[in-house]
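Peer 1: Quick one: structure below, then a few questions.
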Amino acid sequence: MYNITFQYRSIDMTTLMQLKVDKELKAKADKLFGELGLDTPTALRMFLSAAVREQRLPLKLSIKKDPFYSDENIAFIKESIRQIEQGKVVEKTIDELENTIEEKAHA
């Protein structure tokens, strides 16, 4: 077990808080918060402040990747850029694109 000690500051007072957490949980939390650019005491202060302000359990911080940056999508974008660089660009108006779609749908 680890004792995590941090100070919670407000305008008129500072309170020392301590809590006991499992060693593995602390290590995982430290790693996660570090990846989010925070230290554990700051993350806990953020949690407490948001909980009081919102009157609920708050915060949706995530290190999960945006699906836009998936390997499949990045490969598609790179291939599109390669085709543009090779001059394989087709320019059409919206009307032309809609007609092409309709033609393929009826083919």
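Peer 1: I'd like the full set of residues that are in a loop (DSSP other than H, G, I, E, B) and in contact with a Phe, Trp or Tyr (Cβ under 7 Å, 6 or more places away or on another chain), limited to the range 35-57.
Peer 2: Asp39
Peer 1: If Met13 passes every condition in (1) at pLDDT below 90; (2) surrounded by 10 or more Cβ atoms within 10 Å (Cβ to Cβ) but one, which one does it miss?
Peer 2: All conditions are met except number (2).
Peer 1: So which of Glu24, Glu103 ends up being part of a helix (DSSP H, G or I), on the phi < 0 side of the Ramachandran plot and at pLDDT below 90?
Peer 2: Details: Glu24 fails: at pLDDT below 90.
Step by step, each of Glu24, Glu103 is checked, and only Glu103 is part of a helix (DSSP H, G or I), on the phi < 0 side of the Ramachandran plot and at pLDDT below 90.
The values are calculated or read from the model by the stated rules, or taken from the named source; none is laboratory data. Just so we're clear, the structure is a prediction, and the values are computed from it rather than from any experiment. In this analysis, Cβ positions are derived from the backbone assuming ideal geometry, glycine residues included, and neighbour counts consider all displayed protein chains.
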